[in-house]
Amino acid sequence: MNSGSVESASRLQWVDVAKGLGILLMFHGHVVQTLAATGNASALVEERLIYSFHMPMFFVIAGFFFRPSPSFWYRLQQLAWRRLAPVLFFGLLLIPLWLVGPIRHGLPLWHEVSPLLAGYMYGMPKLDWVTWFLVCLFICEAMALACLPRIKSLAGRLLFGAACLLGGAALCDHIAAWGAVAGLELHATFIHEAIVALGFYSIGYATFPYLVRLDKSRVAAAGVAILCGVVVLDTFQLNHPYANFAVMMAAKSHGNTLFFAGTALAGAIFILVIGMLVSKLEWLAVIGRNTLPLLGLNGAFFHFFNPMLITQFPPGDAPAAVALFAFAVTVISLLVCAPMVYLLNQYVPQLIGKSQVSGPWLPSLERQLPAGVPTQE
């Protein structure tokens, strides 16, 4: 895929709509995850369904935008600003909420914050756990910069993606045991999960031109959506060998690797194709264009407000009640986030993934590529 197709990806409405659907699933999924942790069986089913594909889908979409860089180190610094600066920013933004508990209970002010801050030393964003995705994506993209420009064929990129998926999942399955033997924290910085993410990323990079062609036929797109939807519904309960657990990339938990990969890719394609079919829904596209600030702000709901709402207004264990409750919390959360997203975009876009922008409060955080730098290829 050339840089021209990358630019076309940034102009395709259905890509933004698919990202918007993914954000809705993320907000909804974090509500049912909290409910499932209380023993709610209906919430667990929803959690297992959503988590079987929604985060892999974001890595697939990220792969659409890959392009070889004129300078590996320049692009790596650029990605660090765009991925890691928001991780730090949203973590700091949530510190006042983490201070409420110690203040209420008469504990030292930094009782909870200090150990959470320490996690950032080894790449674990514990103040805003939702931003784990950005840490993992940064490592994934760094590996992609080193590997993908050297793989020229479609078959090679697909095989490389499959090898990363299977090999990365196997590595994650064994790394905790190896770390225990060595006395090391081998889960730090999501390096091993980033290999799994690179699998989805590479497949997204390889298949993007073909998905663009699918957008030209609504009948074919609808057929693919139905097929992928059936696959997901037929397999998502088989992913994890234990009935009370869900597949969770943030926890490096994949269950059956083959089912994990198949269900995740089918689910990702399903949402992407639905994005094509409903691409005229501008409100979904607006949500998709603000994926990063909404992801960061969701940490406040994941850590604090969702548990409070569930405690105050428990929805019961009926599937319809759980779905309606999670939907209502999702809508309310997005409405609460809307003015904050507007303000962040207006005044500090550099801290929410747009580090190349200058003003109004901060200059551009990215340096210009020096003239005469040799190309990577």
Hits in segment 148-188 (condition: within 24 Å of ALA250 (Cβ to Cβ), at pLDDT 95 or above and either part of a loop (DSSP other than H, G, I, E, B) or open to solvent by 50 Å² or more (accessible area, probe 1.4 Å) (or both)): ALA163
Hits in segment 288-303 (condition: under 11 Å from SER333 (Cα atoms) and either hydrophobic (A, V, I, L, M, F, W, C) or without any contact (Cβ under 8 Å) to a residue 40 or more places away in the chain (or both)): LEU294, LEU297, ALA300, PHE301, PHE302
Any hit, segment 263-270, residues being modelled with pLDDT under 95, open to solvent by 30 Å² or more (accessible area, probe 1.4 Å) and closer than 18 Å to GLU47 by Cβ: no
Selection within segment 289-329 - open to solvent by less than 10 Å² (accessible area, probe 1.4 Å) and small (Gly, Ala, Ser): GLY296, GLY299, ALA326
Residue within segment 323-330 that is modelled with pLDDT of 95 or more and more than 28 Å from VAL100 (Cβ to Cβ) present: yes
Those residues of segment 252-262 which are in contact with a Cys (Cβ under 9 Å, 6 or more places away or on another chain), at negative phi and open to solvent by 10 Å² or more (accessible area, probe 1.4 Å), in sequence order: SER253
Condition broken by ALA225, with the remaining ones in (1) at pLDDT below 95; (2) part of a helix (DSSP H, G or I); (3) under 22 Å from the mean Cα position of the chain (by Cα) satisfied: (1)
For LEU281: the one exception among (1) under 16 Å from HIS28 (Cβ atoms); (2) open to solvent by 40 Å² or more (accessible area, probe 1.4 Å): (1)
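Out of the residues in segment 115-136 that are part of a loop (DSSP other than H, G, I, E, B) and at pLDDT 90 or above, which is surrounded by the most Cβ atoms within 10 Å (Cβ to Cβ)?
Among those residues, the one meeting the criterion is PRO125.
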Matching residues in segment 330-362 - criterion: being open to solvent by 80 Å² or more (accessible area, probe 1.4 Å) and not in a helix (DSSP H, G or I): GLN356, SER358, PRO360, TRP361
Contacts under 6 angstrom Cβ, first residue in segment 226-247 being surrounded by fewer than 17 Cβ atoms within 10 Å (Cβ to Cβ), partner modelled with pLDDT under 95, 6 or more apart: LEU238/PHE259; PRO241/GLY255
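Which ones in segment 43-61 are closer than 17 Å to LYS19 by Cβ and either in contact with a Gly (Cβ under 8 Å, 6 or more places away or on another chain) or open to solvent by less than 10 Å² (accessible area, probe 1.4 Å) (or both)?
Answer for segment 43-61, where residues must be closer than 17 Å to LYS19 by Cβ and either in contact with a Gly (Cβ under 8 Å, 6 or more places away or on another chain) or open to solvent by less than 10 Å² (accessible area, probe 1.4 Å) (or both): ILE50, PHE53, HIS54, PRO56, MET57, PHE58, PHE59, VAL60, ILE61.
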Residue in segment 96-115 that is hydroxyl-bearing (Ser, Thr, Tyr) and in contact (Cβ under 8 Å) with a residue 24 or more places away in the chain present: no
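The values are calculated or read from the model by the stated rules, or taken from the named source; none is laboratory data. Small disclaimer: the values here were computed from a predicted structure and weren't measured. Every residue, glycine among them, receives a Cβ derived from its backbone with ideal geometry; neighbour counts consider all protein chains shown. All accessible areas refer to the heavy atoms of the entire protein, side chains included, with ligands and DNA or RNA removed. Shrake-Rupley method; radii C 1.70, N 1.55, O 1.52, S 1.80 Å.
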